[in-house]
1. Of (1) under 26 Å from residue A:83 (Cβ atoms); (2) not in a loop (DSSP other than H, G, I, E, B), residue A:189 satisfies all except one. Which?
2. Take region B:81-109 and flag every residue that is in a helix (DSSP H, G or I) and touching a residue at least 12 places away in the same chain (Cβ under 8 Å).
3. For residue A:162, all conditions in the list (1) farther than 30 Å from residue A:21 by Cβ; (2) surrounded by fewer than 18 Cβ atoms within 10 Å (Cβ to Cβ); (3) polar (S, T, N, Q) hold save one; what is the number of the exception?
4. For region A:85-127, name all the residues that are open to solvent by 50 Å² or more (accessible area, probe 1.4 Å) and in contact with a strand residue (DSSP E or B) (Cβ under 8 Å, 6 or more places away or on another chain).
5. Name every residue in region A:221-240 that is acidic (Asp, Glu) and within 10 Å of chain B (Cβ to nearest Cβ), in order of residue number.
6. From the list A:216, A:271, pick out the single residue that is at negative phi and either of a type in the set (D, E, K, R) or surrounded by fewer than 22 Cβ atoms within 10 Å (Cβ to Cβ) (or both).
7. Within region A:67-120, can you find the residues that are over 22 Å from the mean Cα position of the chain (by Cα) and among the polar types (S, T, N, Q)?
8. If we scan region B:48-66, do we find a residue that is surrounded by fewer than 18 Cβ atoms within 10 Å (Cβ to Cβ), farther than 19 Å from residue B:95 by Cβ and facing chain A (nearest Cβ under 8 Å)?
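The values are calculated or read from the model by the stated rules, or taken from the named source; none is laboratory data. Being a predicted model, the structure only gives us computed values, none of them experimental. Cβ placement follows ideal geometry from the backbone for every residue including glycine, while neighbour counts extend to all protein chains displayed. Heads up: the accessible areas ignore ligands, DNA and RNA and are worked out on the full protein's heavy atoms, side chains in. Shrake-Rupley method; radii C 1.70, N 1.55, O 1.52, S 1.80 Å.
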Amino acid sequence: MSKIIKNLKQFSTSNDRFEGAHLLCPGCAHSIIVRELLNCTDDNLVIANATGCLEVCTAVYPHTSWDASWIHIGFENAATAATGAEAMYKTLKKKGRLKDPDKPVKFVAFGGDGATYDIGFQFLSGAVERGHDFTYVCLDNEVYANTGGQRSSSTPRGSSTTTTPAGKVSYGNKKYKKDIVAIMAAHGAPYVAQVAPNKWKDMVKKYQKALATEGPVFINAMSACTTEWKFPADQTIDVSDLGTDSLVFPLYEIENGSKLTITYRPKNIVPVRDYLGVQGRFKHLFKKENEHIITQMQKDVDKRWEMLQRREEAGV
Amino acid sequence: MEYKGWDQVEAGAVLPSFEDKNCDVVRQKQEDRNYAQTSSYTASVADWRVFKPVFNKDVCIDCQNCWVFCPDTAIVSRDKAMLGIDYDHCKGCGICAEVCPTNPKSLIMFFENEENEEVLSKWPEKKKKEK
């Protein structure tokens, strides 16, 4: 039973289930993404949280920011914890040992990009393969932000991080970003989507669809990081806007592993250069000798957008 | 609240959010809930702020953009109307002032030590659009 949310005014009557005074940086997009997930449903939630910024900042002893059942688990196995709880719930329901068996319960796992793309990938893959009924949300800030900004396999090419610093000899990270959405769709998950916090309505719609879908669901959420992307705290939404409008983060969904739908088409497509220009981690790319990286990036983004559009048309 | 020492904390500890076990989170408003001392709602991060947002009710159109984009649940919005800012939980990031669509803005960032009444009395005038 999902809540009907027609507009922002109606959405704002939701009673918040994610409390303030957590210790995430001012302007962090993580809490915007998490808050919307908790507010978009009336169902009970069971949340598993992998180690990462979200976990260390929302459960600092002696406080918790969650008004839902929440468990912190190791770096790698948020998906496993959520699926374990789900399996137990199903068994107890079958045996008739639940106090309130008709009340719907949803199982959600949160992980950062390090916990999803790298460390927890095998566990996530296994959970999706087993076909448990849960939703995995990856908060993708493209770097290991919690431990001081080491590169992860989500870090885009040309980004300067503490383990791939840009300087005289290097232009930063040399490897390309892993296309996690395509990988999860290839598992045959019934619903896979990419969301961004600046498009709140698109995000709520996808969350509600994800929670209503039976079976494993993967959602990749762009989470602009003020500390590691190096932009002022009040610019989070503007940077996210540039990310979606320049198509670096296209918003789309894939159903049943094949049916691709683009959910947001920007009216004015912004050059990738504008998106890179507002972030300190790409500052060095604007030097003369690194300009070719930007040109290459623009080409890659255009190619990907072309591919997505063609796939949508073909419906395969 | 009494803090426990490192050797007194039990392994696998549970932190309850509410005093009352049957709290109906979905239907109860924040002010009606009986929060436990272990909920971060009872804590404050007000000392993080350098700039604070000030809310001008006269200009606000209740669009709720600030509510949805606030990362710290610090915008108090009840029955589709924006009421004000929860200064205990606001960290002063400035997103609310950035996304405010009115002209002049109904949320503006000021230095933490300025008085709200004083600032409200000299609110900027409506700006004409530059052509």
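1. Of everything listed in (1) under 26 Å from residue A:83 (Cβ atoms); (2) not in a loop (DSSP other than H, G, I, E, B), residue A:189 misses just condition (2).
2. Start the filter on region B:81-109 by keeping residues that are in a helix (DSSP H, G or I), which leaves B:95-99.
Across region B:81-109, the qualifying residues are B:95, B:96, B:97, B:99.
3. (1)
4. The one that is open to solvent by 50 Å² or more (accessible area, probe 1.4 Å) and in contact with a strand residue (DSSP E or B) (Cβ under 8 Å, 6 or more places away or on another chain): A:103.
5. Step one: filter region A:221-240 for residues acidic (Asp, Glu), giving A:228, A:234, A:238.
Matches in region A:221-240: A:234, A:238.
6. When all the criteria are applied, what remains is A:271.
7. Scanning region A:67-120 gives a single hit, A:91.
8. no
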